[in-house]
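Derivation of every value follows stated rules applied to the coordinates shown; laboratory data play no part. Predicted model only: the values in this text are computed from it and were never measured. Cβ atoms come from the backbone with ideal geometry, glycine included; neighbour counts cover every protein chain shown.
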Amino acid sequence: MDNCDFGLDSWFEDHARNLCGSAYRLARVIAVDRERFVVHDGHSEIFAVLVRKFVQATESPADFPVVGDWVCIEHHEEDEFTSINAVLPRKTLLRRKMAGTEIEFQMLAANIDTAFIAQSCHLDFNIRRLERYLVMVNQDRIEPVLLLTKTDLVSPEALAKVITKIRKAGIDHKVIELSNVTEDGIDLVREMLIPGKTCCLLGSSGAGKTTLMNHIAKTGFKTKTVSVSGEGRHTTVRRRLMMLANGAMLIDMPGVRELGVMSGREGIDERFSDIVSLGQRCRFSDCGHSNEPGCEIIKALGNKELDQDHYNNYLKIKKESEAYEKAYAEKLKKSRGSRRAVPSKTKHKKRY
């Protein structure tokens, strides 16, 4: 193999020439284990660490390497270790708000082409959660594909109702009906795994992602038995990029229990484009969509053209995003202020 097999193209090569130079090699991050990184340089897997200079220059968690990143590495033979000296710009970046009240975001993966969003159509299906996944994926222009898993546990009528809910919410992305038991739909997933492209599996714990990974990659990942109700259990504990036999790459993600929305106005507008489009047709450009005359959103809600729950979820996610964006901007402002004060103290100590 070489790096082209891992998705390297001329766009990354141009950036590598500016950042890496001739002293460093180019590699792709395939796993992250605390402070150690597993990278592949096209020949072999290598453990690598971040150099101190890189860490000190980092202002945000977004600057640290994640699975899917391209990095510049250097092997130090005397000390027998490999260092990561730079991270190449990303085409796409998958991230979410940290769980809880912390004002920070969690990096999930980089340079993803397609995101498979798995939801059980038995117990796990939740249209509002699906909309949150789509906001996260649409924010960075990643192509979403919806996987409705465990179709063997529901009747054809119940499955049809789930798909109707999806379409009524204005979601027109590709949907694959999938069963890991009967293997229906698995070949359709395989067809979307294109050589040189990177895909990832997203979804709640127990949605069947790891079992699907076993079918596709023949990796033999551990899975846990389902409960009596048919509900799955959490298995995957870390993200890892796998090279498949046909040359495609697939990342299995740990199940996400809390899907907080960070700043994602582009993703919100993309996911709720039907509501945005209605708002643009209101009589007044600054319409608050409450009791103004000529409001197209109020009209659509009144005649059931627009689903009330769908609209409420839009308002909730938009409010979350705006609040997070404001809080994060304040945090960065304080952080930069404290950083500017550090150098003078450091120099003062060195004189004595």
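Would you please name the trypsin sites (Lys or Arg not before Pro) within the range 1-35 that are DSSP coil residues with at most 11 other C-beta atoms within 10 Å of their C-beta? Walk me through the intermediate numbers first.
Details: sites: Arg17, Arg25, Arg28, Arg34; in loops: Arg34.
Answer in residue order: Arg34.
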Which value results for Rg/Rh of the range 110-252 when Rg is the Cα radius of gyration and Rh the Kirkwood radius based on the inverse mean 1/r? 0.93
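Tell me, what is the percent relative contact order of the range 3-87, built from C-alpha pairs under 8 Å that lie six or more residues apart? List each step's numbers first, then the result.
Details: 137 pairs, mean separation 25.2, N = 85.
Across the range 3-87, relative contact order equals 30 percent.
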Take the Cα pairs of the range 3-87, get the Kirkwood Rh, then feed it into Stokes-Einstein at 20 °C and 1.002 mPa s and tell me D in µm²/s. 165
With label points set 7 Å from each Cα along the Cα-to-Cβ direction at Asn126 and Ser10, the distance between them in nm comes to 4.5
Treat each spin label as a single point 7 Å out from the Cα along the C-beta direction, and report the Arg238 to Met192 distance in nm. 2.8
Mind checking the range 53-153 for trypsin sites (Lys or Arg not before Pro) that DSSP puts in a loop (not H, G, I, E or B) and that have at most 15 other Cβ atoms within 10 Å? Arg141
Using amide H atoms built 1.01 Å from N in the peptide plane, name the residues 5+ places from Ile176, or on other chains, whose amide H lies under 5 Å from its own. Leu146, Leu147, Leu148
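Kirkwood hydrodynamic radius for the range 33-129: how many Å is it when counted over pairs of different Cα atoms?
Working: mean 1/r = 0.0632 Å⁻¹.
For the range 33-129, inverting the mean 1/r across all distinct Cα pairs yields 15.8 Å.
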How high is the relative contact order of the range 110-252, in percent, with contacts defined as C-alpha pairs under 8 Å that are six or more residues apart? 26
Return, for the Cα atoms of the range 265-332, the radius of gyration and Dmax in Å, separated by a comma. 13.5, 45
